[in-house]
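Asks: I am attaching a structure below and will ask some questions about it afterwards.
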Amino acid sequence: MTEHLLKLAAIGLTDEAVELLDIAKASGLYAVAAVGDDRADRAEMCARRHECPAFGDYRQLIIQTEADFLLFGAPVHQCADFIRLGLQQKRHILKLCPPALNFEQLAEFYRLAHREGARFIVLQDSRFGQSFASLRQAMDNSSPDQSWHLISAVCHVPVLEIDPTMRWLNDPKTAGGGVLLQNCYGPIDELVLCFGLPQRVYALTINQAPDKSQRLSLTEDTAIVAMQFTDNLVAQFCASRTLGPARRHLRIHGKLQHVTATPQEVVLYDNSGILLRQQQYPDDGAPARKRMLENLAMSVWDPRNHPLYPRYGSDLETFAVIEAAYLSNRTGMPEEPARILKLAETGLAGIL
């Protein structure tokens, strides 16, 4: 099936990055070429497990290691320069979410990748979850008279106290944004993949700082976002780090039925409350990541029969929605994601 294993090197060994390396190696499709982290003990431990070199200097890893992909688990404010260096070295980049601090930085990564003949790929594993696939199927197979008209989405990720090493999450300069960008990239991405780009986005964000001056200098911990997809389909999105317990669901209301999706199940009811279908997908986290890495590998070896999913560049649309939400919060007006994409067209021909 393959001529060679795809060589994968990782920079920034977060728990998620370490798990992806393990899944990649176990799949039989990838070989781990090198690992890098500024914590020497963590880098050495991971290197022993994968029998590869360990680096504390990310620049040296990029220059000295032959790799098809550079996987970046480090947060963007720590690794943006190394992403640029990797692209300049003609390496494909794999970036865990969020992929950038703002839309313009993401567009910059795509432009540089295009110029260097490389690719910048965002790893968002819930796209490959069975729950999301079942939800998309329910939308695709619904009858024309179903008329879906209201989407209600919730993403609560309670954080009692931020680890001192993660205080950068509170600073807009290092985090880019708060709960919307750092915790809700996946759910917003799922909405865009299911229903397309919203025409308009209106958002309000707050945080729980005690006075106004502090609130203005911190990322948001709570947000409400309204989206209009068409004249007949609107969405409300509630995100918070302050509400518990942890909760994530998407509910879509139609003329005849409503469907509720969580990462673990999809349930379909008629509007009188009768259960029509229930599908459960427990423990699908690691399998979804495996499917994501398999799709990536097959898109390299056989792109005609196994294209990359979603299409290359779709993350620009997801990020345009997030950017529109932050812009709306500043202007107090609805904003158009399509306008943000239009302003970024230069250098992105063939991607947008």
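The values are calculated or read from the model by the stated rules, or taken from the named source; none is laboratory data. Computed from a predicted structure; not experimentally measured. Positions of Cβ are backbone-derived with ideal geometry, glycine not excepted, and every protein chain shown enters the neighbour counts.
Asks: Out of region 190-219, which residues are at pLDDT below 95 and among the charged types (D, E, K, R)?
Replies: 211, 212, 215
Asks: What's the number of the only condition in (1) surrounded by fewer than 18 Cβ atoms within 10 Å (Cβ to Cβ); (2) among the small types (Gly, Ala, Ser); (3) within 30 Å of residue 23 (Cα to Cα); (4) more than 18 Å from the chain's Cα centre (by Cα) that residue 118 fails to meet?
Replies: So the condition that residue 118 fails would be (1).
Asks: How many residues, within region 240-276, are farther than 13 Å from residue 133 by Cα and touching a residue at least 40 places away in the same chain (Cβ under 8 Å)?
Replies: Residues meeting the conditions: 20.
Asks: Just checking: which of the helices (runs of 4 or more DSSP H) contained wholly in region 168-253 hold 3 or more residues that are farther than 22 Å from residue 104 by Cβ?
Replies: Of the helices (runs of 4 or more DSSP H) lying wholly inside region 168-253, those with at least 3 residues that are farther than 22 Å from residue 104 by Cβ span 185-195, 212-216.
Asks: Could you go through region 71-79 and let me know if any residue there is in contact (Cβ under 8 Å) with a residue 24 or more places away in the chain and surrounded by fewer than 17 Cβ atoms within 10 Å (Cβ to Cβ). Walk me through how you get there before you give the answer.
Replies: The initial filter retains those residues of region 71-79 that are in contact (Cβ under 8 Å) with a residue 24 or more places away in the chain, namely 71-79.
If we keep only those that are surrounded by fewer than 17 Cβ atoms within 10 Å (Cβ to Cβ) as well, we get 77-78.
Yes, the conditions are met somewhere in region 71-79.
Asks: Right, here's the next one. Can you tell me how many residues within region 282-313 are under 30 Å from residue 106 (Cβ atoms) and more than 20 Å from the chain's Cα centre (by Cα)? Steps first, answer last, please.
Replies: Of region 282-313, the ones under 30 Å from residue 106 (Cβ atoms) are 284-313.
Checking the rest, the ones that are also more than 20 Å from the chain's Cα centre (by Cα) come to 298, 300-306.
Summing the residues that are under 30 Å from residue 106 (Cβ atoms) and more than 20 Å from the chain's Cα centre (by Cα) in region 282-313 gives 8.
Asks: Which of the residues that make up region 7-54 are surrounded by fewer than 21 Cβ atoms within 10 Å (Cβ to Cβ) and hydroxyl-bearing (Ser, Thr, Tyr)?
Replies: 14, 27
Asks: Identify, please: which residue in region 251-296 is in contact with a helix residue (DSSP H, G or I) (Cβ under 7 Å, 6 or more places away or on another chain) and hydrophobic (A, V, I, L, M, F, W, C) and is, among those, nearest to residue 155 (Cα to Cα)?
Replies: 261
Asks: Take residue 192 and tell me if it is in the same structural domain as residue 259 (by TED's automatic domain parsing) and more than 17 Å from the chain's Cα centre (by Cα).
Replies: Judged against the criteria, residue 192 is not a match.
Asks: Which numbered condition in (1) buried (at least 21 other Cβ atoms within 10 Å of the Cβ); (2) in the same structural domain as residue 227 (by TED's automatic domain parsing) is the only one that residue 139 fails?
Replies: With respect to (1) buried (at least 21 other Cβ atoms within 10 Å of the Cβ); (2) in the same structural domain as residue 227 (by TED's automatic domain parsing), residue 139 is out only on (1).
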